[in-house]
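Visitor: The structure under discussion is supplied below as structure tokens; questions concerning it will follow.
The values are calculated or read from the model by the stated rules, or taken from the named source; none is laboratory data. Everything numeric here is computed off the predicted structure, so don't read it as measured data. Cβ atoms come from the backbone with ideal geometry, glycine included; neighbour counts cover every protein chain shown. Calculation scope for accessible area: heavy atoms of the full protein, side chains included, ligands and nucleic acids excluded. Shrake-Rupley method; radii C 1.70, N 1.55, O 1.52, S 1.80 Å.
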Amino acid sequence: TIAAFSLSTGVSVWNAVVFEIVMTFGLVYTVYATALDKRSAGNISIIAPIAIGFIVGANILAGGAFD
């Protein structure tokens with residue numbers, strides 16, 4: 001059978017786990033800092049959707065080749 005998902009050559013499971021943790025932290029931090037933080041409920045919350053979209057795109061571009 002052919003695996004649908006696999007790690008790139010030379011990437012260990014633990015490297016992938018740590019990388020996923022870092023990317024998830026970046027996404028969660030962006031969501032909380034822009035969309036959910038009550039202190040930033042004016043200026044920065046306006047750009048929350050684009051900031052979240054950028055971090056998702058960056059995670060895909062950075063992590064897609066490895067994980």
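Visitor: Checking the a/c ratio against 1.5 first, then a/b against b/c, what shape does the Cα gyration tensor give for the chain? Write down the numbers at each step before the final one.
Guide: Details: a/c = 3.99, a/b = 2.70, b/c = 1.48.
Note, shape of the chain comes out prolate.
Visitor: Given points 7 Å out from each Cα along the Cα-Cβ axis, report the Ser6 to Ala62 separation in nanometres with one decimal.
Guide: So the label points at Ser6 and Ala62 sit 2.6 nm apart.
Visitor: Let me ask something else about it. Any chance you could give the angle, 0 to 90 degrees and rounded to 10, that helix 13-31 forms with the longest Cα principal axis of the chain?
Guide: Tilt relative to the chain: about 10 degrees.
Visitor: Here's another thing I want to ask about it. With the full set of protein chains in place, find how many percent of the accessible area of the chain is carbon and sulfur; take the probe as 1.4 Å. Please report the intermediate quantities before stating the final value.
Guide: On the way: 3800 of 5250 Å².
It is 72 percent, rounded to a whole number.
Visitor: A further question follows. Relative to the longest principal axis of the chain, what angle (0 to 90°, nearest 10) does the C-alpha long axis of helix 48-63 take?
Guide: Approximately 20 degrees, to the nearest ten.
Visitor: Roll a 1.4 Å probe over the protein chains and send me the accessible area per residue for the chain in Å². Before the final figure, lay out each step's value.
Guide: Details: 5250 Å² over 67 residues.
Per-residue value: 78 Å².
Visitor: Okay, moving on. Using the beta-carbon distance between Ile21 and Ser45 and R0 = 30 Å, what value does 1/(1 + (r/R0)^6) give for FRET efficiency, to the nearest 0.05? Provide the component values of the computation, followed by the final result.
Guide: On the way: r = 26 Å, r/R0 = 0.88.
Computed FRET efficiency for Ile21 and Ser45: 0.70.
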